[in-house]
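Working notes, structure below.
The values are calculated or read from the model by the stated rules, or taken from the named source; none is laboratory data. In this text the structure is predicted, and so the values were computed from the model without any measurement. So basically every Cβ, Gly included, is an ideal-geometry build from the backbone, and we count neighbours across all protein chains shown.
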Number of protein chains: 2
Amino acid sequence: MDLIRIDDPEDPRIAGYRNIRERDLVGRQGLFISEGKVVLDVLLSAEAFQPRSLLILENRVAGLAETLAHVPDDVPVYVAAGPVLDAIAGFHMHRGILALGQRRAPLTAAELLASLPDRALVLVLSGISNHDNVGSIFRNAAAFGADAVFLDSECCDPLYRKSIRVSVGGVLKVPFARFDRDEEFLLALKEHGFRGLALSPHGAHDIRTLKRPDRAALFLGTEGEGLPPALLAAMDTIRIPIAAGFDSLNVAAASAIALHRLSEAVTSA
Amino acid sequence: MDLIRIDDPEDPRIAGYRNIRERDLVGRQGLFISEGKVVLDVLLSAEAFQPRSLLILENRVAGLAETLAHVPDDVPVYVAAGPVLDAIAGFHMHRGILALGQRRAPLTAAELLASLPDRALVLVLSGISNHDNVGSIFRNAAAFGADAVFLDSECCDPLYRKSIRVSVGGVLKVPFARFDRDEEFLLALKEHGFRGLALSPHGAHDIRTLKRPDRAALFLGTEGEGLPPALLAAMDTIRIPIAAGFDSLNVAAASAIALHRLSEAVTSA
């Protein structure tokens, strides 16, 4: 593998890394930035994503030898000194391990649904627009081996830099797809034999006594407004009991507890 | 209640709110900034904390009447227009509901331990220096009615602005104390009949089958290094099983699951 030294922050070869904080806010046509060694390792082993290039701080290269051995030959590895890297990124990159990745052909929600195993646990996110929460939910989904995540049109893009970082690569690991209209997607879930379970502070069923269905679709909404009434009315509602007199759980914390309760993909006791 | 109008960002009466983002990084002698209505409501009902003043965006005052009725007469309520408030705080405050609070005499770890009920669940945080994680853990502790949180000297201050905000006021609700030396604190826990339970990815006991002791002290460490070996050796270790091949859970997510499993303070099924 050849390392390509970059000395000019304006070098067109590293244009994809320029001012990444600001560019996080705009669409990137399936391109995204991963940060750190752990996420890079996930990217290099991911099926649905491919690295397009790497940009590494020069003093991190030696320690990364094992990871870099997995980089395909046609993927350029750029190396830069600290000040150059910071000038490219637009802020101080203390980790110094960046990759520009690209999603291979994304699945539609229908295709992803059709690909799932007989026993499956999927998450359905409704209106979750906070990058931290989406990243944390994907981290939990990966940790508990959820089979897929579906996002409605109000959710933010899981491929935002911050979501990928917070997910520790979970976004690159758990298959996901977007859907446009709740009604259609609910129908598709039903056709595929999924039982909808809506997590809600006032849900009818206590999650501690819930029997896991073969195919479960766990719906998570925003903390403020919660899931839309039409969704709640269309499926079973479940609650995580908490102490009286306090607000509610953070949605990512709720996802952790629900996945812990419902997942069958965990290592045995 | 009188509202005191502030037109000059340099007004000495609101000095405590000046450049709060930067001042978050320095000690504040038990003073702290709360943000938002929910946290303000918690502050106004908290036993261990008192409001010293409020600073409210003028167009938020009318909607806050119910909350403001609980403000003690000797606590000044300052009101400012948007640009003045932003100039005071040093950045754009879209919520516009600030309070300067103060901790009443803090308990020592020994005093807090001595105050706990016969059946008690406490958290012990070791080396958790991330404000988000500390705030999220406190939110979970409040949601599940944990009796206390103890923090070692490496943990960041729960009264940092961001920790309070992320905790949604949980920091003001769950009693907490710091301890200096692990060995002394372990001894004190033991003397008070607490069984130490160290959460660890390789813990010996599966949390799903753990029997909750009367007095449980749940130890949480950093994600990178985990709990110090000396701590792990001194108590029972428990694990939250996750899927093979992924990193670990975020410490706040792990706290949510463990509290969900161990708390008895939740509403019944």
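It is to be established whether one or more residues within region A:96-105 are at pLDDT below 95, loosely packed, with under 15 Cβ neighbours inside 10 Å and under 15 Å from A:Arg5 (Cα atoms). Checked against the condition, which is being at pLDDT below 95, loosely packed, with under 15 Cβ neighbours inside 10 Å and under 15 Å from A:Arg5 (Cα atoms), region A:96-105 yields no hits at all. Has region B:191-206 got at least one residue that is facing chain A (nearest Cβ under 10 Å), of a type in the set (Ser, Thr, Tyr) and within 27 Å of A:Phe138 (Cβ to Cβ)? Checking region B:191-206: not a single residue is facing chain A (nearest Cβ under 10 Å), of a type in the set (Ser, Thr, Tyr) and within 27 Å of A:Phe138 (Cβ to Cβ).
Taking B:Lys211, is it basic (Lys, Arg) and touching a Gly at 6+ places or on another chain (Cβ under 8 Å)?
no
Checking region B:93-105 against the condition returns a match, with at least one residue being more than 23 Å from B:Phe179 (Cβ to Cβ) and free of Cβ contacts under 8 Å to residues at least 24 places away in the same chain.
From the list B:Ser248, B:Ser255, which residue is assigned by TED's automatic domain parsing to the domain that holds B:Arg119 and touching a residue at least 60 places away in the same chain (Cβ under 8 Å)? Matching residue, one of B:Ser248, B:Ser255: B:Ser255.
Among the residues making up region A:127-155, those that are hydroxyl-bearing (Ser, Thr, Tyr) and either part of a strand (DSSP E or B) or surrounded by fewer than 23 Cβ atoms within 10 Å (Cβ to Cβ) (or both) are A:Ser129, A:Ser153.
Those helices (runs of 4 or more DSSP H) of region A:7-116 in which at least 3 residues are farther than 20 Å from A:Val168 by Cβ, considering only elements entirely within it, cover A:82-89, A:109-114.
Residue count for region A:174-183 under the criterion of being touching a strand residue (DSSP E or B) at 6+ places or on another chain (Cβ under 8 Å) and at pLDDT below 95: the result is 0.
When residues in region A:129-159 are screened for being of a type outside the set (Ser, Thr, Tyr) and either within 13 Å of another protein chain (Cβ to nearest Cβ) or more than 12 Å from the chain's Cα centre (by Cα) (or both), 18 of them pass. Residues in region B:199-222 that are within 25 Å of A:Val166 (Cβ to Cβ) and crowded, with 20+ Cβ neighbours inside 10 Å were compared, and the one that is farthest from the chain's Cα centre (by Cα) is B:Ile207.
Rundown of residues vs (1) in contact with a Ser or Thr (Cβ under 7 Å, 6 or more places away or on another chain); (2) at pLDDT 95 or above; (3) not in a strand (DSSP E or B), yes/no style:
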site	(1), (2), (3)
A:Leu159	no, no, yes
A:Leu172	no, yes, yes
A:Gly196	no, yes, no
A:Gly224	no, no, yes
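In region A:241-258, is there at least one residue being more than 11 Å from chain B (Cβ to nearest Cβ) and either more than 24 Å from the chain's Cα centre (by Cα) or farther than 21 Å from A:Asp132 by Cα (or both)? There is no residue in region A:241-258 that is more than 11 Å from chain B (Cβ to nearest Cβ) and either more than 24 Å from the chain's Cα centre (by Cα) or farther than 21 Å from A:Asp132 by Cα (or both). Restricted to region A:259-269, and to residues there that are at pLDDT 95 or above and more than 8 Å from chain B (Cβ to nearest Cβ), the residue that is nearest to B:Val166 (Cα to Cα) is A:Leu259.
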